[in-house]
Structures are given as C-alpha cells and as structure tokens.
Amino acid sequence: MATLSLSNVQKQFGSFQALRDVNLEIGSGEFICLLGGSGCGKTTLLRIIAGLEDATSGSLRLGDDNLADVPCHKRNVGMVFQSLALFPHLNVAQNVAYGLDIRGVDKAERLKKAGALLETVGLGGLGERPVSALSGGQRQRVAIARALAIQPVLFLMDEPFSALDAGLREHLQIEVKKLQRKLGVTTIFVTHDQNEAMSIADRIVILNEGRIEQAGTPTEVYARPATPFVADFMGTNNVFEAQFTGHDVQLDGRSLGAPGASFKGLFGRHQVAVRPEYLRLSRPSEGDAGLVGTVEFVRLLGASIETELNVDGRTFVHTRISDSPPEFQVGDKALVQFDMDHAWMIPS
Amino acid sequence: MRRAALPYAIGLFPLGMMVLFFVGPLAFMIVVSFYESDPLGFYKIAFVWENYGKFFSSFYYTISLRSLWSASLGAVLVVLLAFPAMYIIVDMPRRWQLFWVILLLALMCLSEVIIGFAWVIVLSESSGVPKFLGWIGLWENPRSLAPSFGAMMIGYITLGFSLVALMFFPQMAQRDRSIEEAALTLGTPPLQVVTKVILPTFRPAILSSLVTMFVYFLGVYVMPTMLGRPQNWNMTVIITDKAVGDANMPLGAALSVIMLLFTLLVIGALWLASRKGRAS
Ligand SMILES: Nc1ncnc2c1ncn2[C@@H]1O[C@H](COP(=O)(O)OP(=O)(O)O)[C@@H](O)[C@H]1O
Ligand SMILES: [Mg+2]
C-alpha cells in the first residue's frame with residue numbers, strides 16, 4: 001500500500017468555500033481521524049478522497065498515481081456512509097458480496113468470503129437475513145464488512161457510530177480499531193466527537209471551517225494544541241492571554257507565579273493553555289494578590305471532580321481525582337493557581 | 001357491546017361505497033351478460049351462454065390480443081419515459097422541481113378529448129408536423145401521421161406520462177442517494193449502477209406503475225377512436241360499439257366480464273412474479 005497525499009486541496013460550492021488549502025500526508029496502514037464540528041468540511045474531504053466529488057483545485061496522489069485521473073469506481077476505496085447506504089434489495093450476505101460480484105468473483109467463492117467476513121464482524125449465520133431485519137449496530141457491521149470485502153486500498157468511514165448509543169459505540173470503536181490493526185488497511189474515520197477520535201486514532205486531523213487546524217497524535221493535539229480552536233475543541237478549558245515579564249507570568253496585572261522551566265526568558269503577551277488537571281485551588285487568605293474566583297458549579301464525573309470558577313468574568317475549570325469529597329461548594333471563594341511547568345503556549 | 005360495535009359500523013362505510021359503485025354495477029353486468037339481445041330494445045330477460053360463445057370467434061380473439069398488445073406496449077413506453085424523466089427532475093433545484101410537478105399536474109387535468117384533438121392537429125398534414133417537414137424540405141410528400149398506431153401510442157403516452165411520473169416522485173425524491181454512491185465506491189461502473197442498484201430498488205414501484213398503466217390503457221376509449229385506425233381499436237371501443245352502436249347490451253356485458261377476468265389474471269400473474277422475484 002502507498003501513501004495518500006493531499007496538497008493544496010480546495011473545494012468550492014458556488015461562492016462557498018468548503019475546503020481551504022488542505023495539505024495532508026497519510027501513511028500506509030495509518031488510522032486517521034478527521035475531527036471537527038458540523039459543517040466544517042469533513043464529509044466533503046472524505047468524498048473527494050473517495051472520488052464522489054472533485055476538488056476545485058489541488059492534487060490528490062496515492063503513491064505514484066494521480067487520483068484525479070481515476071474515477072470513483074476504479075479507486076478501490078471502501079466507504080461506510082453516514083446513512084450506511086445498504087442495498088435494500090439484497091440480503092446481508094449479498095450486500096457484503098456485492099463488490100466481489102462486480103469484480104467477477106464467482107458466486108460460491110464470493111458468498112464464502114462474505115460468510116467469513118460476517119463471521120469476523122460478529123454476524124456469523126445472519127447472511128440470509130434481509131438488511132431491514134437487523135438492528136442498528138448489526139447494520140453498521142454489515143456496512144463495514146461490505147466496504148472491507150473489496151480489500152480496499154483506503155477504508156473511509158463517515159461518522160459511522162453517531163447514531164448508536166454510547167455503550168455500543170464504544171464497543172464498535174474497539175472492534176474497528178482491532179480489525180484495522182489486523183488488516184493493516186489505511187483508514188480515515190470522520191467524527192465530531194473528540195473522545196471517539198482520542199480513543200481510536202493514530203493521528204487526529206482537526207478541521208475548522210474547511211481548514212486543517214492541526215494534525216498530530218492524540219496526545220499532541222490534547223496536550224499541545226496548535227491553535228486556540230484546537231485547545232477549545234479538545235477540551236483544554238483554560239486558555240488565556242498572559243503577560244510574560246521574564247520573572248513571572250501575569251494575567252490582568254496579577255501574578256500567576258514563576259514561568260517555570262519551559263518559559264524561562266520569555267517576554268510579551270502569549271496565549272497559554274493549561275489543562276484543568278493542572279489548576280490548583282486553595283482557600284484564599286485575606287488580601288491575597290493572586291487570582292481569586294467564585295465557584296459556579298461542582299460536579300462529580302465518576303473518577304474525577306470538576307469545579308468551574310468565575311474569575312472577573314473568565315471561566316476556569318479545575319479537575320482532580322475524586323478520592324475525597326469536594327472541598328469547595330458553589331459560591332465559595334477560591335485562589336486559582338497554575339502549574340506553569342505543565343502550561344502550553346499556543347503558537348501565534 | 002355498543003363500543004365494540006362502533007368499529008364495525010365505521011367499516012360499513014367503505015363497504016357501502018364498494019357495493020354502490022362497484023359490486024352493484026358489476027352484478028348487474030354479469031346478470032345482463034346472460035340475457036338475450038333484442039334488436040328492438042336493449043335486451044330480453046333469459047339465461048343463455050350465447051354471448052360468451054361469441055367471444056370465441058377469431059374476430060374477438062384478434063381484438064383481445066390487439067388490446068393486450070397496445071395496452072402493454074403503452075404501459076412499457078410510459079414507464080420507460082417517465083422513470084428517467086422523474087429521476088432527472090428530482091435532482092433539479094427546488095424551483096425547477098416545483099415547475100415540473102405543477103406542469104405534470106396540469107397535464108393530468110387535461111381531458112382525454114383535448115389531448116386527442118391536440119395530437120390530431122399536430123400530426124395532421126394540413127397544419128402540423130408533416131406540413132412543417134414538407135415546408136423545410138425534409139419530407140417530399142407529407143401525409144397525415146394520424147390516425148395510426150404510432151399516433152395512438154403517442155396519445156397513450158401523453159395520457160399516462162404525468163400519472164406515472166408523479167407515482168415515482170415521492171420515492172425518488174426521498175431515496176437515499178448514497179446507495180448509488182456506495183455502488184460506485186464498490187466498483188460499479190456508472191451505467192451498471194442503473195441495472196444493479198437503481199432498477200432493483202424501484203422494482204416494486206415499476207411493477208405497480210406497469211400494472212396501473214396496463215389496466216388503464218385496456219380501458220381507454222377516446223385515444224383509439226381519435227388517433228387510431230379501426231384495425232387498432234381495442235376491446236373497449238368494440239364493446240361500446242356493440243352495446244351502444246348495435247344496441248346489444250348482453251354481448252357488450254359478456255365481453256366486459258371476459259375483459260375483467262382477463263385483467264385480473266394478468267395482475268395476478270404479475271403479483272406472483274414479483275413475489276417470486278423478491279424471494280430469490
Ligand atoms: N453539494 C453541496 N452544495 C453546496 N454546499 C455543500 C454541498 N455539500 C456540502 N456543502 C456545504 O459544505 C460545508 C461542509 O459540508 P460537509 O463536508 O458535509 O460538513 P461536515 O461533514 O463536516 O458536517 C457545509 O456548510 C455544507 O453546507
Ligand atoms: Mg458530515
């Protein structure tokens with residue numbers, strides 16, 4: 001298999017620009033998640049890769065092939081559509097065997113292969129059922145098996161699990177990831193759910209208004225967001241513009257403490273992101289010069305406790321392991337401090 | 001007790017309508033089909049098989065085959081044209097879709113006689129297409145194109161097109177387009193998508209519109225008489241001819257009963273075929 005490279009891909013619908021200057025290299029066997037809010041161009045990008053839509057400009061290469069010259073039906077791309085798009089006139093096994101039928105594989109052979117694939121996705125013995133007789137999760141598996149049956153060079157999935165309930169979704173995420181590892185097929189998975197992306201992707205590509213904001217491993221985009229949008233989207237809740245004076249870090253003229261090793265010698269105003277787990281809360285003493293906020297909301301999230309504070313109109317979020325009961329109640333005052341060793345400066 | 005009776009009482013309404021408008025006239029027709037014809041009146045009360053016997057002459061046999069042929073050809077042509085037309089219309093921008101749907105509805109409102117007349121004029125030697133073709137030199141000796149079998153088929157198509165197109169409209173507009181795209185990504189060449197995916201998913205709709213048109217065209221009267229030659233006339237025209245023209249109600253009734261049985265037979269056969277098709 002080969003590397004998929006997109007360079008300067010643009011897509012225009014009339015005067016609306018759905019994709020702007022998309023540059024991306026996807027290695028063989030990689031599992032990529034396209035992550036972004038609704039309408040940011042995820043489906044459009046996937047459809048361009050599949051050949052269902054032409055890019056307005058830019059190039060698309062798979063290894064040495066220029067994909068622009070290859071029509072959709074010759075790209076050998078397995079795609080799971082958001083609506084699943086199973087063939088209603090065919091039964092489960094016939095759906096899975098469809099691509100092999102088109103490729104001229106004889107009936108006995110293709111039904112055997114379909115049966116084996118159905119076994120792999122946990123639908124052994126259901127081949128004779130009409131697709132209308134399956135549950136949502138089962139249909140999902142049929143769509144996956146159908147796309148994989150053609151041994152695709154690229155495996156594309158468009159928000160495949162968004163209609164399923166949380167438990168089933170998690171279960172299928174794990175299964176898809178395992179299956180992808182086993183087959184080694186290059187996979188592009190579209191989702192708007194950052195938790196889903198975090199849990200299955202080798203690399204996450206975050207799209208916003210048709211532009212790639214950042215591409216990186218889950219830990220990279222989570223801990224070191226490249227833009228304020230990514231920081232916000234990935235749930236880095238504490239993003240603010242701080243003043244670096246060389247010996248301390250200030251917010252609105254109040255000191256947040258020493259800059260820590262990573263920001264030593266830094267001057268000027270910079271966007272800083274601090275993950276909620278690196279905030280420290282304590283009881284303020286009289287006349288404290290630090291940031292003092294009011295607790296607005298406290299909630300238990302199973303393994304952690306989340307506390308939301310308001311500091312002069314800014315919102316900060318703090319989390320910690322829930323090994324003891326919350327020490328702050330709504331309305332309490334708390335001194336907010338940051339662990340600047342774990343702060344991340346968003347490049348501007 | 002009273003409450004349980006209410007649903008049944010409501011059911012009486014459609015039953016009553018059926019009896020009044022369908023079963024009643026049908027029963028009367030069946031009864032009349034056994035009467036004797038009376039050259040002076042419409043019929044004489046009797047019980048004879050003679051009217052049915054007449055059907056089994058080569059004359060009626062030929063007419064039956066001819067009716068069958070023109071109705072099935074008409075049905076196939078209408079579906080063949082309306083299906084792709086609607087397929088294109090539903091992917092147009094909303095305003096154009098609306099335009100076409102309104103146009104089709106308007107076409108449905110036209111009476112058979114008006115459509116017939118329009119075609120008679122358009123196909124006539126003195127004022128229509130043949131004259132035009134003669135004038136621009138494409139046709140040396142222009143003749144009227146109507147009446148003819150072809151003209152009659154054109155009339156059939158005009159009659160049935162809008163109805164069939166509108167029958168396809170909801171399912172086509174609401175269909176999941178990604179099913180066709182899925183077929184493409186799985187390697188189906190664009191033309192084969194039609195035969196492999198589109199036609200099979202519309203199979204029930206296509207069959208039912210074929211049956212509807214077939215039955216409808218078996219019963220048309222105006223189009224064959226206005227646009228067809230006597231040798232193209234279908235059973236409906238002949239029945240009217242016998243019952244009204246020759247004042248032979250019993251024969252007309254017997255022919256109608258035979259036509260009805262025949263139609264039911266065809267529908268039954270198609271229904272069985274479609275069930276078998278789904279099972280395989
Ligand atoms: N065929 C189209 N014509 C016009 N606009 C389109 C078309 N397809 C998508 N768009 C627009 O492009 C944007 C991105 O769409 P899409 O890729 O489907 O977003 P996502 O999948 O990320 O939700 C949306 O604003 C959408 O309205
Ligand atoms: Mg989408």
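The values are calculated or read from the model by the stated rules, or taken from the named source; none is laboratory data. Every value quoted in this text rests on a predicted model; they were computed, and no experiment measured them. Quick reminder, even Gly has a Cβ in these numbers, built from the backbone with ideal geometry, and neighbours come from all protein chains shown. Quick note on the areas: whole protein, heavy atoms, side chains included, nothing else; ligands and nucleic acids left out. Shrake-Rupley method; radii C 1.70, N 1.55, O 1.52, S 1.80 Å.
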For A:Ser135 and A:Phe13, extending 7 Å from Cα along the Cα-Cβ vector and measuring point to point gives, in nm, a value of 3.4 nm
Given backbone amide H placed at 1.01 Å from N, residues whose amide H is under 5 Å from that of B:Leu123, ignoring those fewer than 5 places away on the same chain, are B:Val129
Residue by residue through region B:84-93, what is 3J(HN,Hα) from phi via Karplus (6.51 cos²θ - 1.76 cosθ + 1.60, θ = phi - 60°)? Round to whole Hz and write x for glycine and proline.
x, 4, 5, 4, 6, 4, 5, 9, 7, x
How much accessible surface area, in Å² rounded to 10, belongs to the heavy atoms of A:Leu84 with a 1.4 Å probe?
20 Å²
Using the structure shown, select from A:Lys112/A:Lys182; A:Lys42/A:Lys74; A:Lys42/A:Lys107; B:Lys131/B:Lys242; A:Lys42/A:Lys264 the pairs with a Cα to Cα distance greater than 29 angstrom.
A:Lys42/A:Lys107; B:Lys131/B:Lys242; A:Lys42/A:Lys264
Length released on extending from A:His247 to A:Thr3, taking residue separation times 0.36 nm less the Cα-Cα span
83.2 nm
Provide A:Ser132, A:Ser324, A:Ser348 ordered by accessible surface of protein heavy atoms (probe 1.4 Å), highest first.
A:Ser348, A:Ser132, A:Ser324
Report the full-extension gain for the segment B:Phe42 to B:Leu133: residue separation times 0.36 nm, less the Cα-Cα distance, to one decimal in nm.
27.9 nm
Show which aspartates and glutamates lie in cross-link reach of B:Lys44 when reach means a straight Cα distance below 17 angstrom and same-chain residues fewer than eight apart are skipped.
B:Glu36, B:Asp246
Classified through the alpha carbon gyration tensor (a ≥ b ≥ c as square roots of its eigenvalues; rounded if a/c is under 1.5, else prolate when a/b is larger than b/c, else oblate), chain A comes out prolate
Given a cut-off of under 8 Å on Cα pairs at least six residues apart, what relative contact order in percent is computed for region B:29-168?
24 percent
Which value in nm describes the separation of the simple spin-label points at A:Gln337 and A:Arg103, placed 7 Å from the Cα toward the beta carbon?
6.3 nm
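For A:Arg141, A:Arg224, B:Arg95, give me the order by solvent-accessible area with a 1.4 Å probe, most accessible first, ignoring ligands, DNA and RNA. Mind showing how you got there, number by number?
On the way: A:Arg141 35, A:Arg224 110, B:Arg95 200 Å².
The most accessible residue leads, giving B:Arg95, A:Arg224, A:Arg141.
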I'd like the distance between the alpha-carbon centres of region B:116-166 and region B:188-239, rounded to an integer number of Å.
20 Å
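Using only alpha carbon pairs under 8 Å that are at least six residues apart, calculate the relative contact order of region A:9-79 and give it in whole percent.
Values: 69 pairs, mean separation 21.1, N = 71.
Relative contact order, region A:9-79: 30 percent.
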If I take every Cα pair under 8 Å that is 6 or more residues apart in region A:238-345, average their sequence separation and divide by the length, what percent do I get for the relative contact order?
31 percent
At 1.4 Å probe size, with no ligands or nucleic acids counted, give the accessible surface of B:Leu65 in Å², nearest ten.
90 Å²
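Using only the Cα atoms of chain B, build the gyration tensor, take square roots of its eigenvalues as a ≥ b ≥ c, and label the shape rounded, prolate or oblate: rounded if a/c is under 1.5, else prolate if a/b is larger than b/c, else oblate. Display every interim value, and only then the final one.
Working: a/c = 1.99, a/b = 1.19, b/c = 1.67.
The shape class here is oblate.
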Have a look at the DSSP beta bridges in region A:4-233 and tell me what percent are antiparallel, nearest 5.
55 percent
Amide H to amide H under 5 Å from A:Leu256: which residues, 5+ apart in sequence or cross-chain, H placed 1.01 Å off N in plane?
A:Val249, A:Gln250, A:Leu251
Leaving ligands, DNA and RNA out of it, work out the accessible area of B:Met108 with a 1.4 Å probe and give it in Å² to the nearest 10.
80 Å²
Estimated FRET transfer efficiency when R0 is 22 angstrom, pair A:Thr315-A:Val292 (beta carbons, to 0.05):
0.90
Per the C-alpha gyration tensor (a ≥ b ≥ c, the square roots of its eigenvalues), region B:148-203 is rounded if a/c is under 1.5, else prolate if a/b beats b/c, else oblate; here it's oblate
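Estimate the FRET efficiency between B:Ala118 and B:Val194 by the formula 1/(1 + (r/R0)^6), using the beta-carbon distance for r and 41 Å for R0, to the nearest 0.05. Don't skip to the answer; put the middle values down first.
On the way: r = 33 Å, r/R0 = 0.80.
The pair B:Ala118/B:Val194 has a calculated efficiency of 0.80.
Protein chains only, probe 1.4 Å: how do A:His192, A:His73 rank by accessible area, largest first? Walk me through the intermediate numbers first.
Values: A:His192 90, A:His73 40 Å².
Reading off the accessible areas and sorting them downward yields A:His192, A:His73.
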In this structure, the FRET efficiency calculated for B:Arg95 and B:Ser274 from their beta-carbon separation, with R0 = 35 Å, to the nearest 0.05, is 0.45
Spatial separation of Cα centroids for region A:289-348 and region A:173-203, in angstrom
32 Å
